[in-house]
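**Q** Supplied in structure tokens, the structure appears directly below.
Just so it is clear, none of the values below were taken in a lab; they were calculated from the coordinates. Model, not experiment: these values are computed from the prediction. Counting neighbours? That spans all protein chains shown, and the Cβs are built from the backbone with ideal geometry, glycine included.
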Amino acid sequence: MLSRTLNSALAAATLALAAISPAQAAAADSSAQATTTEAPEQAKAVDSPETHIYGKAGDRELPLRFWPAKDASKPAPLVIYIHGGAWAVGSLDGYPLPMPWGDIQRVIPELRERGYAVASLDYRLSGEAQWPAQIFDVKAGVRYLRANAATLNVDPDRFAAWGDSAGGHLSAMLGTTADRPELEGDEGSPGVSSRVRAVADWFGPTDIGTMSAGGPVNWLMHGHIKAPEAALLGCTPKSCPEKARLASPSNYVSSDDAPFLFQHGRCDHVVPFAQSVKLEAQLRSAGVATEFHAYNTDHEFIGLASQNEILATFYAFLDKQLK
């Protein structure tokens, strides 16, 4: 029988890697709050962002939100946030539920006070389009931001990608597939680099083909035709291993990849902890700078005693890589 902790964690964490209804989301919200030992601080007021259309996929406009740094005296480094949600839910405005780490509505004001501009990218969800649409979209977003760096007052050479869960996967793809023509797409700002200078990967899948390995809970989450990975690929990873491989950051590691920060809960029942362990080891073996921080938490840092340690580590990494 699953423990009480696992039951409550799964109820809350599944939002990040499974498509759910609003009613299920409300139930997950209650469970998440019950398992978090310290409620997140109330988000600071976030100034109204600018909305830009960074590209189009057919008739579908692709928007982003942009917040300038508080210090406008010089071009700022840019943190590009990519939301999670199983590639199936979520939006550029964050999750429909509060997260134990505070969600972007807390983090954006703190980043801006620290001298960073922030962008949040929308991308096509798996219900709209299958892989590689998602990486085409976020790369187009990076290219747009770089092409318009002067107007936005950001430094085009100091971009970091940051994402959680499915957003961590897409951030890791940005960090390992810079300027690969087959993954660039044609949605906007052609001829501009999609390279990022740093990646903060929070508990993102890194090897799609092994997400169901490691035990019955992982199989129940990821090993069947209705799993998030199957919706993303249009097939189960077992039935289309080559497609799963090509959607995995672990397939693209090279010595010129961006430095990575990994932050992951050891008790993650949604994205196996081993996913971050594997990619970090591959990057380190290739000579890429990495940092790895593990916590006694579940997915989305459920069970987190304090947000401060998570965010302090994240901010220190950004300062080291971008300032």
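**Q** Can you order the peptides 231-238, 137-144 by their average number of other Cβ atoms within 10 Å per residue, highest first?
**A** 137-144, 231-238
**Q** Oh, and also: Checking the cross-link filter: which aspartates and glutamates have an alpha carbon closer than 17 Å to that of Lys243, excluding same-chain neighbours under 8 positions apart?
**A** Once the sequence-local aspartates and glutamates are set aside, what remains near Lys243 is Glu182, Glu184, Asp207, Glu229.
**Q** Another question, if that's okay. Take the cross-link list Lys74/Lys139; Lys139/Lys320; Lys74/Lys323 and give me the ones stretching past 18 Å between alpha-carbons.
**A** On the way: Lys74/Lys139 25 Å; Lys139/Lys320 24 Å; Lys74/Lys323 13 Å.
Pairs exceeding the cut-off: Lys74/Lys139; Lys139/Lys320.
**Q** Next question. Among 264-274, 247-257, 176-186, how do they line up by average Cβ neighbours within 10 Å per residue, starting with the highest? Kindly include the intermediate steps, with their values, before the conclusion.
**A** Working: 264-274: 22.4, 247-257: 19.4, 176-186: 15.8.
Ranked by mean Cβ neighbours within 10 Å, highest first: 264-274, 247-257, 176-186.
**Q** Another question, if that's okay. Rounded, prolate or oblate: which fits region 185-287, taking a ≥ b ≥ c as square roots of the Cα gyration tensor eigenvalues, rounded meaning a/c under 1.5, else prolate when a/b beats b/c?
**A** oblate
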